[in-house]
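Peer 1: Below: one structure in structure tokens.
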Amino acid sequence: MVKMAKGIKPNAIMPNSNCAACPRLNAFRVKNKSQFPEYFNAPVPSFGPIKAKILIAGLAPGLHGANQTGRPFTGDGAGELLYPTLLKTGMAQGSYLARADDGLELTIARITNAVRCVPPQNKVTGPEIAACNGFLSAEIASMDSLRAIIALGTVAHGAVLSAVGLKKSAFKFAHGAVFELPKGILLADSYHCSRYNTNTGRLTTKMFEDVFNNVLALTNG
Ligand code: SF4
């Protein structure tokens, strides 16, 4: 059981909109509220049904993406690969228009982030990952139909392991790797679908789709 940061209700899967457990992120939020008052500017809630069988864990909202729209990966560069992949694999239906009101629905997947508030320069700290980990832990525990978690990048991979009480050193991150966690839940790793990774060729569309198709094959039936 992950210890919740001070001021956070035990077993809550969603932070308060003014969660101040991370002073640096809280200060950044206050600044963004003044600079971009029309933005969401709060911890971004997970998206998708709690009964989903696949949980996708990312890093954190982007300033002008999910922090603006209030939906994970929506408006972020990374969403340009994630959402089309979800639509192509049948994990989502509708159209992705980079807006929270585009009507897109997740069918068998849910999306969350290791850290729910936007960090400056997209960089999170160890204490911030730890402070937000209780939400991820409670969320995983609440997902009764969960069969697999897709971790996008090393931060998400480590956060998932911490959230289920496992040591990171026993499960080394590798793109395409699949590990078995307690209760038979699978952890599948992918490089993060950030613009940096796709622009540099570290992650191709095929590499990303292969991870999702593999998880579908492993969790079918
Ligand atoms: S990142 Fe998580 S723990 Fe930190 S302030 Fe935001 S919601 Fe609270």
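Any read-out appearing in this document is the output of simple, stated calculations on the displayed coordinates, not a laboratory observation. Computed from a predicted model, the values in this text were never measured in an experiment. Because the Cβ atoms are built from the backbone with ideal geometry, glycine has one as well, and the counts that use them run over all protein chains shown.
Peer 1: What fraction of the DSSP beta bridges in the chain is antiparallel, stated in percent and rounded to the nearest 5?
Peer 2: 30 percent
Peer 1: Here's another thing I want to ask about it. Let me have the 222 nm mean residue ellipticity of the chain computed from DSSP H runs of 4+ only, each contributing -39500 (n - 2.57), with the sum over all residues rounded to the nearest 500.
Peer 2: Taking each H run of at least 4 residues, the total per residue is -10000 deg cm²/dmol.
Peer 1: Once the convex hull of the C-alpha atoms of segment 44-219 is built, how many Å³ does it hold per residue, rounded to a whole number?
Peer 2: Here the figure is 101 Å³ per residue.
Peer 1: Compute the relative contact order of the chain as a whole-number percentage, counting only Cα pairs closer than 8 Å that sit 6 or more residues apart in sequence.
Peer 2: Rounded, it is 23 percent for the chain.
Peer 1: How many angstrom separate the Cα center of segment 33-105 from the Cα center of segment 156-177?
Peer 2: 23 Å
Peer 1: How would TYR83, TYR196, TYR39 line up from fewest to most surrounding beta-carbon atoms within 10 angstrom?
Peer 2: TYR196, TYR39, TYR83
Peer 1: About the Cα centre of segment 44-219, what is the dipole size in debye to 20, counting +1 per Lys and Arg Cβ and -1 per Asp and Glu Cβ, all else neutral?
Peer 2: My answer is approximately 300 debye.
Peer 1: Sticking with this structure for a sec: Could you give the length gained by full extension between ALA170 and LYS51, i.e. 0.36 nm per residue of separation minus their alpha carbon distance, to one decimal place?
Peer 2: 40.0 nm
Peer 1: Okay, moving on. Would you mind ranking VAL211, VAL164, VAL30 so that the residue whose beta carbon has the fewest other beta carbons within 10 Å leads the list?
Peer 2: VAL30, VAL164, VAL211
Peer 1: Hey, rough spin-label estimate for ARG195 and THR219, points 7 angstrom out along Cα→Cβ, what's it come to in nanometres?
Peer 2: 2.9 nm
Peer 1: Pairs on different chains or at least eight residues apart, Cα atoms closer than 18 Å: how many lysine pairs in the chain fit?
Peer 2: Going through the chain pair by pair, I get 9.
Peer 1: Below 8 Å, C-alpha to C-alpha, sequence gap of six or more: please give me the relative contact order for segment 103-221 in percent.
Peer 2: 21 percent
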